[in-house]
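The values are calculated or read from the model by the stated rules, or taken from the named source; none is laboratory data. Since this is a predicted model, take the numbers as computed values, not measurements. For neighbour counting, all protein chains shown are included, and Cβ atoms are generated from backbone atoms with ideal geometry for every residue, glycine included.
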């Protein structure tokens with residue numbers, strides 16, 4: 001059990017390192033399309049959970065959901081920037097709604113588990 005916690009902590013540390021490198025690179029390189037950072041964050045979050053899954057460590061539904069949202073918004077922003085497409089999505093309101101839904105689903109599933117015990 002302790003080995004699992006240590007491995008999970010290592011995965012989280014690598015993900016944080018990748019996140020800060022991503023921020024630095026997108027800030028330093030001129031002409032990086034808008035949305036590249038958001039897309040990268042999504043890839044990092046999903047990659048973290050893939051590493052957890054492959055190591056038989058419990059994954060996080062919250063970061064998987066945020067990763068998928070980040071990838072969708074990142075792709076939309078990159079397409080808009082590179083191809084000149086008009087894709088306008090209100091990121092922050094959708095993020096808040098998603099977080100609220102995740103919390104409600106977790107609370108409801110916890111209550112259902114307790115009732116079934």
Just to be sure I understand the filter: pairs with C-beta atoms under 7 Å, separated by 6 or more residues or on different chains, first member in region 1-25 and in contact (Cβ under 8 Å) with a residue 40 or more places away in the chain, second member surrounded by 15 or more Cβ atoms within 10 Å (Cβ to Cβ) and assigned to a helix (DSSP H, G or I). Which pairs pass? 8/52; 11/48; 11/51; 11/52
The number of residues in region 44-58 that are touching a residue at least 12 places away in the same chain (Cβ under 8 Å), farther than 16 Å from residue 24 by Cα and part of a helix (DSSP H, G or I) is 7
If you go through region 63-71 one residue at a time, do you hit one that is more than 11 Å from the chain's Cα centre (by Cα) and either loosely packed, with under 14 Cβ neighbours inside 10 Å or under 30 Å from residue 109 (Cβ atoms) (or both)? no
Note: among 78, 32, just one is farther than 30 Å from residue 107 by Cβ, surrounded by 18 or more Cβ atoms within 10 Å (Cβ to Cβ) and either at pLDDT below 90 or touching a strand residue (DSSP E or B) at 6+ places or on another chain (Cβ under 6 Å) (or both), namely 78
